[in-house]
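Inspection log for the structure reproduced underneath, given as C-alpha coordinates.
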Amino acid sequence: MRISPQSQAVYKLLLNARNQMNAKQMAQKLDISSATLYRLTDPLLEMGLIRKHTTYPYKFSAKPTDEGLSLFLLNQNEWFMNQFGSHHNNKNAKKESTSDSKEVRISFIQSRGKLMSLSADEISKAAKSIDLLRSGHELTADVMASLTDAKIRGVPTRMLIQDYSNDNAGQVSNWQKNGIFVKKTPLRHVRLMIYDASTVYFMSYKNADSEKDLGMKIKYPPLAVIFSQLFNEWWQKAEKV
(Lines give C-alpha, C1' and ligand atoms only; values in the text may rest on other atoms or scores of the structure.)
Protein backbone atom coordinates (compact mmCIF):
# COMPACT_ATOMS: atom_id res chain seq x y z
CA MET A 1 0.00 0.00 0.00
CA ARG A 2 1.34 3.41 -1.00
CA ILE A 3 1.18 6.40 1.34
CA SER A 4 0.72 9.69 -0.51
CA PRO A 5 3.09 12.59 0.24
CA GLN A 6 0.14 14.46 1.78
CA SER A 7 -0.65 11.58 4.16
CA GLN A 8 3.05 11.28 4.97
CA ALA A 9 2.98 14.94 6.01
CA VAL A 10 0.09 14.18 8.37
CA TYR A 11 1.98 11.27 9.93
CA LYS A 12 5.16 13.35 10.36
CA LEU A 13 3.16 16.15 11.96
CA LEU A 14 1.71 13.75 14.53
CA LEU A 15 5.09 12.13 15.18
CA ASN A 16 6.53 15.54 16.04
CA ALA A 17 3.55 16.61 18.14
CA ARG A 18 3.93 16.51 21.91
CA ASN A 19 0.21 15.96 22.45
CA GLN A 20 -2.80 14.66 20.58
CA MET A 21 -4.06 16.97 17.83
CA ASN A 22 -7.56 17.53 16.48
CA ALA A 23 -8.43 17.90 12.81
CA LYS A 24 -8.70 21.69 12.96
CA GLN A 25 -5.24 22.07 14.50
CA MET A 26 -3.68 19.72 11.96
CA ALA A 27 -5.45 21.35 9.02
CA GLN A 28 -4.18 24.77 10.08
CA LYS A 29 -0.62 23.49 10.38
CA LEU A 30 -0.76 21.92 6.91
CA ASP A 31 -2.80 24.75 5.35
CA ILE A 32 -5.60 22.46 4.14
CA SER A 33 -9.29 22.07 4.91
CA SER A 34 -10.53 19.84 7.73
CA ALA A 35 -12.40 17.71 5.19
CA THR A 36 -9.17 17.10 3.26
CA LEU A 37 -7.38 16.33 6.50
CA TYR A 38 -9.89 13.61 7.38
CA ARG A 39 -9.42 12.01 3.94
CA LEU A 40 -5.65 12.01 4.40
CA THR A 41 -5.95 10.23 7.74
CA ASP A 42 -7.94 7.34 6.24
CA PRO A 43 -4.95 5.35 4.84
CA LEU A 44 -2.96 6.01 8.02
CA LEU A 45 -5.79 4.68 10.16
CA GLU A 46 -6.25 1.69 7.85
CA MET A 47 -2.58 0.77 8.20
CA GLY A 48 -2.64 1.37 11.95
CA LEU A 49 0.03 4.08 11.87
CA ILE A 50 -2.10 6.56 13.82
CA ARG A 51 -4.84 6.42 16.45
CA LYS A 52 -8.20 8.18 16.32
CA HIS A 53 -9.45 8.89 19.82
CA THR A 54 -13.19 8.43 20.14
CA THR A 55 -14.33 11.50 22.06
CA TYR A 56 -15.55 14.38 19.87
CA PRO A 57 -13.95 16.52 18.57
CA TYR A 58 -11.80 13.66 17.34
CA LYS A 59 -8.13 13.82 18.19
CA PHE A 60 -5.29 11.91 16.58
CA SER A 61 -1.90 10.63 17.70
CA ALA A 62 0.88 8.72 15.95
CA LYS A 63 2.12 5.31 16.97
CA PRO A 64 5.90 5.06 17.59
CA THR A 65 8.07 4.64 14.50
CA ASP A 66 9.22 1.12 15.43
CA GLU A 67 5.62 -0.08 15.75
CA GLY A 68 4.70 1.87 12.62
CA LEU A 69 7.46 0.15 10.67
CA SER A 70 6.18 -3.28 11.70
CA LEU A 71 2.66 -2.36 10.58
CA PHE A 72 3.97 -0.87 7.34
CA LEU A 73 5.93 -4.06 6.58
CA LEU A 74 2.85 -6.16 7.24
CA ASN A 75 0.79 -4.10 4.81
CA GLN A 76 3.58 -4.17 2.24
CA ASN A 77 3.72 -7.96 2.61
CA GLU A 78 0.04 -8.17 1.80
CA TRP A 79 0.39 -5.78 -1.15
CA PHE A 80 3.39 -7.69 -2.52
CA MET A 81 1.57 -11.00 -2.33
CA ASN A 82 -1.47 -9.54 -4.08
CA GLN A 83 0.73 -8.20 -6.86
CA PHE A 84 3.24 -11.00 -7.30
CA GLY A 85 2.03 -13.97 -5.26
CA SER A 86 0.82 -15.79 -8.37
CA HIS A 87 4.45 -16.18 -9.46
CA HIS A 88 4.99 -18.23 -6.34
CA ASN A 89 1.67 -20.07 -6.20
CA ASN A 90 1.77 -21.12 -9.83
CA LYS A 91 5.40 -22.16 -9.98
CA ASN A 92 4.55 -25.81 -10.46
CA ALA A 93 2.66 -24.91 -13.59
CA LYS A 94 5.65 -23.18 -15.15
CA LYS A 95 7.92 -24.86 -17.64
CA GLU A 96 11.01 -26.51 -16.22
CA SER A 97 13.13 -24.14 -18.26
CA THR A 98 11.97 -21.14 -16.21
CA SER A 99 14.99 -19.78 -14.35
CA ASP A 100 15.04 -18.83 -10.67
CA SER A 101 15.72 -15.22 -11.62
CA LYS A 102 12.24 -14.96 -13.16
CA GLU A 103 10.42 -16.51 -10.22
CA VAL A 104 9.47 -14.59 -7.10
CA ARG A 105 9.61 -16.67 -3.93
CA ILE A 106 8.23 -15.11 -0.78
CA SER A 107 7.91 -16.22 2.82
CA PHE A 108 7.02 -14.28 5.97
CA ILE A 109 8.91 -14.07 9.26
CA GLN A 110 7.12 -13.44 12.54
CA SER A 111 9.95 -12.95 15.06
CA ARG A 112 13.61 -12.13 15.48
CA GLY A 113 14.19 -15.66 16.79
CA LYS A 114 12.88 -17.13 13.55
CA LEU A 115 15.02 -14.69 11.59
CA MET A 116 18.19 -15.80 13.38
CA SER A 117 17.38 -19.45 12.76
CA LEU A 118 16.88 -18.84 9.04
CA SER A 119 20.02 -16.69 8.90
CA ALA A 120 22.26 -19.53 10.06
CA ASP A 121 20.95 -21.70 7.22
CA GLU A 122 21.35 -18.96 4.59
CA ILE A 123 24.89 -18.17 5.71
CA SER A 124 25.86 -21.83 5.46
CA LYS A 125 24.69 -21.87 1.82
CA ALA A 126 26.18 -18.52 0.74
CA ALA A 127 28.84 -18.82 -1.96
CA LYS A 128 29.72 -15.22 -2.87
CA SER A 129 28.77 -12.62 -0.30
CA ILE A 130 26.98 -11.94 3.00
CA ASP A 131 25.80 -8.40 3.72
CA LEU A 132 24.11 -7.67 7.06
CA LEU A 133 22.49 -4.52 8.45
CA ARG A 134 21.76 -5.19 12.10
CA SER A 135 21.60 -3.78 15.60
CA GLY A 136 24.99 -4.89 16.88
CA HIS A 137 23.57 -7.03 19.65
CA GLU A 138 24.58 -10.60 20.36
CA LEU A 139 24.60 -13.22 17.61
CA THR A 140 23.41 -16.74 18.33
CA ALA A 141 26.01 -19.50 18.49
CA ASP A 142 24.60 -21.07 15.31
CA VAL A 143 24.89 -17.83 13.34
CA MET A 144 28.41 -17.16 14.60
CA ALA A 145 29.49 -20.69 13.69
CA SER A 146 28.01 -20.27 10.21
CA LEU A 147 29.87 -16.99 9.73
CA THR A 148 33.13 -18.64 10.78
CA ASP A 149 32.54 -21.43 8.28
CA ALA A 150 31.78 -18.83 5.59
CA LYS A 151 35.15 -17.20 6.21
CA ILE A 152 36.86 -20.57 5.81
CA ARG A 153 35.02 -21.01 2.49
CA GLY A 154 36.28 -17.60 1.37
CA VAL A 155 32.87 -15.89 1.53
CA PRO A 156 33.25 -12.31 2.87
CA THR A 157 30.83 -10.92 5.45
CA ARG A 158 30.14 -7.20 5.71
CA MET A 159 28.18 -5.98 8.71
CA LEU A 160 26.71 -2.53 9.26
CA ILE A 161 25.92 -1.79 12.92
CA GLN A 162 23.09 0.63 13.74
CA ASP A 163 23.48 0.64 17.51
CA TYR A 164 27.23 0.78 18.18
CA SER A 165 28.16 1.78 21.74
CA ASN A 166 30.60 1.03 24.54
CA ASP A 167 28.25 -1.74 25.63
CA ASN A 168 28.82 -3.81 22.48
CA ALA A 169 32.26 -2.51 21.42
CA GLY A 170 34.00 -5.60 22.80
CA GLN A 171 31.62 -7.90 21.01
CA VAL A 172 32.09 -6.04 17.72
CA SER A 173 35.86 -6.25 18.15
CA ASN A 174 35.54 -10.01 18.56
CA TRP A 175 33.57 -10.23 15.31
CA GLN A 176 36.32 -8.32 13.53
CA LYS A 177 38.93 -10.71 14.91
CA ASN A 178 36.88 -13.53 13.41
CA GLY A 179 37.13 -12.01 9.94
CA ILE A 180 33.87 -10.02 9.75
CA PHE A 181 34.17 -6.57 8.19
CA VAL A 182 32.28 -4.16 10.46
CA LYS A 183 31.30 -0.49 10.14
CA LYS A 184 28.83 1.68 12.04
CA THR A 185 25.95 3.46 10.34
CA PRO A 186 23.08 5.75 11.41
CA LEU A 187 19.81 4.15 12.46
CA ARG A 188 17.99 2.76 9.39
CA HIS A 189 14.94 1.40 11.27
CA VAL A 190 15.16 -1.99 9.56
CA ARG A 191 17.12 -5.23 9.69
CA LEU A 192 18.45 -6.24 6.28
CA MET A 193 20.28 -9.38 5.19
CA ILE A 194 21.43 -10.05 1.62
CA TYR A 195 22.93 -13.36 0.58
CA ASP A 196 24.81 -13.77 -2.73
CA ALA A 197 22.97 -10.67 -4.01
CA SER A 198 20.01 -12.93 -4.77
CA THR A 199 18.11 -13.52 -1.51
CA VAL A 200 16.91 -10.69 0.74
CA TYR A 201 15.54 -10.73 4.28
CA PHE A 202 14.19 -7.58 5.85
CA MET A 203 12.48 -7.04 9.18
CA SER A 204 11.39 -4.21 11.45
CA TYR A 205 13.98 -3.07 13.97
CA LYS A 206 13.83 -2.27 17.67
CA ASN A 207 10.28 -3.23 18.40
CA ALA A 208 9.64 -3.12 22.14
CA ASP A 209 9.14 -6.89 21.94
CA SER A 210 11.33 -8.43 19.22
CA GLU A 211 9.09 -11.48 19.11
CA LYS A 212 6.42 -9.22 17.61
CA ASP A 213 8.67 -7.96 14.80
CA LEU A 214 7.54 -8.70 11.27
CA GLY A 215 9.53 -9.31 8.13
CA MET A 216 9.81 -11.25 4.93
CA LYS A 217 12.19 -13.21 2.76
CA ILE A 218 12.26 -12.54 -0.97
CA LYS A 219 14.12 -14.81 -3.34
CA TYR A 220 14.22 -12.68 -6.49
CA PRO A 221 17.65 -11.62 -7.83
CA PRO A 222 16.48 -8.48 -9.72
CA LEU A 223 15.11 -7.06 -6.47
CA ALA A 224 18.11 -8.27 -4.46
CA VAL A 225 20.43 -6.35 -6.78
CA ILE A 226 18.62 -3.13 -5.88
CA PHE A 227 19.02 -3.84 -2.16
CA SER A 228 22.69 -4.71 -2.73
CA GLN A 229 23.26 -1.35 -4.40
CA LEU A 230 21.59 0.38 -1.46
CA PHE A 231 23.75 -1.57 1.00
CA ASN A 232 26.88 -0.62 -0.96
CA GLU A 233 25.93 3.06 -0.73
CA TRP A 234 25.46 2.76 3.03
CA TRP A 235 28.74 0.86 3.33
CA GLN A 236 30.67 3.58 1.50
CA LYS A 237 29.24 6.27 3.81
CA ALA A 238 29.61 4.24 7.02
CA GLU A 239 32.30 4.90 9.64
CA LYS A 240 35.06 2.50 10.56
CA VAL A 241 34.83 0.96 14.01
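The values are calculated or read from the model by the stated rules, or taken from the named source; none is laboratory data. For clarity, every value in this text was computed on a predicted model and none was experimentally measured. With ideal geometry, Cβ positions are generated from the backbone for all residues, glycine too; neighbour counts draw on all protein chains shown.
Can you pull out the helices (runs of 4 or more DSSP H) entirely within region 1-89 that have at least 3 residues that are in contact with a strand residue (DSSP E or B) (Cβ under 8 Å, 6 or more places away or on another chain) and modelled with pLDDT under 75? Outline the logic, then answer.
On the way: elements: 5-16, 23-30, 34-47, 65-89.
Here the list reads 65-89.
Looking at Arg158, is it closer than 19 Å to Trp234 by Cβ and more than 15 Å from the chain's Cα centre (by Cα)?
Working: closer than 19 Å to Trp234 by Cβ: yes; more than 15 Å from the chain's Cα centre (by Cα): yes.
Judged against the criteria, Arg158 is a match.
Return the residues of region 119-135 that are over 16 Å from Lys219 (Cβ atoms) and in contact (Cβ under 8 Å) with a residue 40 or more places away in the chain; say none if nothing qualifies.
Leu132, Leu133, Arg134, Ser135
How many residues does region 146-164 contain that are under 20 Å from Arg191 (Cβ atoms) and part of a helix (DSSP H, G or I)?
Here the count works out to 3.
So which strands (runs of 3 or more DSSP E) are wholly in region 165-229 and hold at least 2 residues that are at pLDDT below 90, surrounded by 13 or more Cβ atoms within 10 Å (Cβ to Cβ) and not aromatic (Phe, Trp, Tyr)? First the steps, then the outcome.
Numbers: elements: 181-184, 190-195, 199-204, 215-219.
Of the strands (runs of 3 or more DSSP E) lying wholly inside region 165-229, those with at least 2 residues that are at pLDDT below 90, surrounded by 13 or more Cβ atoms within 10 Å (Cβ to Cβ) and not aromatic (Phe, Trp, Tyr) span 190-195, 199-204, 215-219.
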